[in-house]
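For reference, the structure is listed below as structure tokens.
Read-outs throughout are calculated quantities, based only on the coordinates presented, and are distinct from any laboratory measurement. Remember, predicted model here, so these are calculated numbers, not experimental data. Cβ placement follows ideal geometry from the backbone for every residue including glycine, while neighbour counts extend to all protein chains displayed.
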Amino acid sequence: MIIRKQQIIFSQRCPLPPSPKVWKVETLVREFCKKKKKVITFIGFGELGYDDAGVFNRIVENELGRCDPQRDIVNTGTLITAGFENGITDVYQIAKRRGFITTGVHPSIALKSRSSYFLSAFVDQPYFVWDKTWGGYTEEGTLKPSATLRTLLSISDDVIAIGGGKYTAQEINAFKDHGKRVKYYAAEMNHHISDKWASERGEKIKDFRGEAFLTLNKWPERSIEI
């Protein structure tokens with residue numbers, strides 16, 4: 001097995017803003033409507049990153065090649081965790097190079113842990129939604145979307161999932177239930193980092209493709225496996 005490690009470049013990270021505006025869901029949805037652009041939301045692995053950066057980059061380049069920087073916005077709902085990989089937020093650097101406006105929608109609870117989370121240096125417009133959860137569903141075992149997920153459901157026109165864990169699986173379920181188109185690519189989390197992360201918790205990674213892969217197998221017509 002070849003483990004491809006991604007280099008963490010800290011110059012590509014910015015601290016969370018000291019006192020950002022915290023938005024209500026409805027107000028932020030209206031703010032996005034004012035932009036009059038199509039919102040392409042990327043979801044997937046966060047701090048555990050991707051095992052093959054080349055595959056990740058090709059997927060993103062291919063998807064953005066079908067979009068228009070004049071009409072479309074590139075969005076994620078992911079922050080960068082200190083000491084870990086950039087994960088799906090690496091979409092931003094590719095998008096900026098192609099001339100896209102980039103946005104991020106994040107839960108306000110992250111502002112209480114400023115030393116633990118960062119923004120990508122390539123996100124133009126980060127937004128924080130009043131949310132006491134970390135996204136996904138409000139409680140384990142329920143199908144009630146959090147404030148952050150409700151915002152993503154409202155503003156996203158197309159959704160591109162590249163791998164992903166528990167929260168990505170919940171997001172995919174929610175987008176499907178709300179009639180949103182989800183395009184999924186199977187991808188593996190970084191083996192080295194995820195094994196270390198799991199062993200520190202006395203756990204073992206069951207499938208490097210993540211929880212989202214297991215979820216998407218229920219809807220094969222929506223999945224693209226590469």
Whole Å is fine, so just give me how far the alpha carbon centre of segment 133-167 lies from that of segment 58-117. 16 Å
Integer Hz, Karplus 6.51/-1.76/1.60 couplings in order for segment 189-204, x for Gly and Pro: 5, 4, 4, 4, 6, 5, 4, 5, 4, 5, 5, 5, 9, x, 10, 9
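State the extension gain, in nm to one decimal, for the chain segment bounded by ASP207 and GLU31, taking 0.36 nm per residue of separation less the distance between their alpha-carbons. Intermediate values should be presented prior to the final figure.
Numbers: separation 176, 0.36 × 176 = 63.36 nm, distance 3.88 nm.
Length gained, ASP207 through GLU31: 59.5 nm.
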Of the labelled options (i) 30, 21, 19; (ii) 24, 20, 19; (iii) 35, 22, 15, which one gives semi-axes √(5λ) of the Cα gyration tensor in Å as computed for this structure? (ii)
For LYS38 and SER116, what does the FRET efficiency come to when R0 = 30 Å and r is the distance between their Cβ atoms, rounded to the nearest 0.05? 0.40
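Considering only the chain, what is the antiparallel percent among its DSSP beta bridges, to the nearest 5?
Details: 7 of 35 bridges.
If we restrict to bridges inside the chain, about 20 percent are antiparallel.
Once you charge only the Cβ atoms, +1 for Lys and Arg and -1 for Asp and Glu, what is the size of the charge dipole of segment 23-224 about its Cα centre, to the nearest 20 debye?
Numbers: 30 positive and 26 negative charges, 151 e Å.
Here the size comes out at about 720 debye.
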For the pair GLU61 and GLU200, how long in nm is the line joining their label points, each one 7 Å along Cα→Cβ? 3.3 nm
For TYR117, distant residues with modelled amide H under 5 Å away: ALA82
Residues with amide H under 5 Å of VAL39's amide H, sequence separation 5 or more or different chain, H placed in the peptide plane at 1.01 Å from N; which? ILE73, ASP157, ASP158
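Out of all DSSP beta bridges in segment 97-212, what portion is antiparallel? Express it as a percent rounded to 5. If you can, show how the numbers build up before the last one.
Working: 1 of 11 bridges.
For segment 97-212, the DSSP antiparallel bridge percentage is about 10.
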Could you work out how much longer the chain between ARG71 and LYS21 gets when fully extended? Use 0.36 nm per residue separation minus the Cα distance between them, nm to one decimal. 15.4 nm
Over segment 117-175 - Rg/Rh using Cα atoms and the Kirkwood inverse-distance radius: 0.96
